[in-house]
Amino acid sequence: MTPAVLNGEASTSAAHTNGANGVHPLKKGTLDGFGTRAIHAGSEANEETGAVIPPISLSTTYKQDGIGKHKGFEYSRSGNPNRNAFETTLAALESGGAYALAFSSGSATTATVLQSLGPDAHIISVNDVYGGTFRYMTRVASENQGLETTFVDLENADDDTIRAAFRPNTKVCFLPSGSSQPVPLTRTLLRSHSSSGSSPRRTPRCA
């Protein structure tokens, strides 16, 4: 996965570190309306052929002139032109978002987010998460990084119950879109936390 960056500087030199493909900026001037960004961001014309639709790259391996010396790609698992274009488009559609990361599965996304929290963090999660997510939180992340998870039935919990779930080391509120619990309850969760008097610096993010 290679992050796409808005209005950044491209890192396309030949001396790439193995596995790091740099960032992929949007050209200034393409951040117009949503429709314009959806069509044009990440879909620059092909320099070799002039094609206005990015070709599908089926290669799993890319030629290197030496160890770590390539044209921006080495193996498709670490980045390929199509994924870079997709990430650039997503970053543009976020209207001010700087980066976008594409994952091959929801489980890979979950693992990456939780690993980024560091050791001994606490998170709050809805109690009807995907079974694989539940097992990752309680069996893998709990042992590997000391992650503690409080599962809350947001559909039936009152404000006091939700507020009590927060701790000083709470870093993430895990509210997946696939949950059967109503999305508007996210507002209840955030309102309860903000009214608890916690410092804004420690306000967790909802994912």
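Every number in this text was worked out from the coordinates using simple rules, so none of it is lab data. All figures in this text were calculated on a predicted structure; none of them were measured in a lab. All Cβ positions, glycine included, derive from the backbone under ideal geometry; neighbour counts span all protein chains shown.
If neighbour count is taken as other Cβ atoms inside 10 Å, put Ser76, Ser125, Ser177 in order from fewest to most. Show your work: numbers first, answer last.
Values: Ser76 16, Ser125 22, Ser177 6.
By the 10 Å Cβ count, ascending: Ser177, Ser76, Ser125.
Whole-Hz ³J(HN,Hα) for each residue in the range 164-172, computed from phi via Karplus 6.51 cos²θ - 1.76 cosθ + 1.60 with θ = phi - 60°, x for glycine and proline: what do you get?
With coefficients 6.51, -1.76 and 1.60, one gets 5, 6, 6, 10, x, 9, 6, 10, 9 Hz.
On full extension of the chain, what length is gained from Ile56 through Asn144, given 0.36 nm per residue of separation minus the C-alpha to C-alpha distance?
Working: separation 88, 0.36 × 88 = 31.68 nm, distance 3.81 nm.
Between Ile56 and Asn144, full extension yields an extra 27.9 nm.
Once label points are set 7 Å from the Cα along Cα→Cβ at both Asn46 and Lys71, what is their separation, rounded to one decimal in nm?
With each label point 7 Å from Cα toward Cβ, the separation is 1.2 nm.
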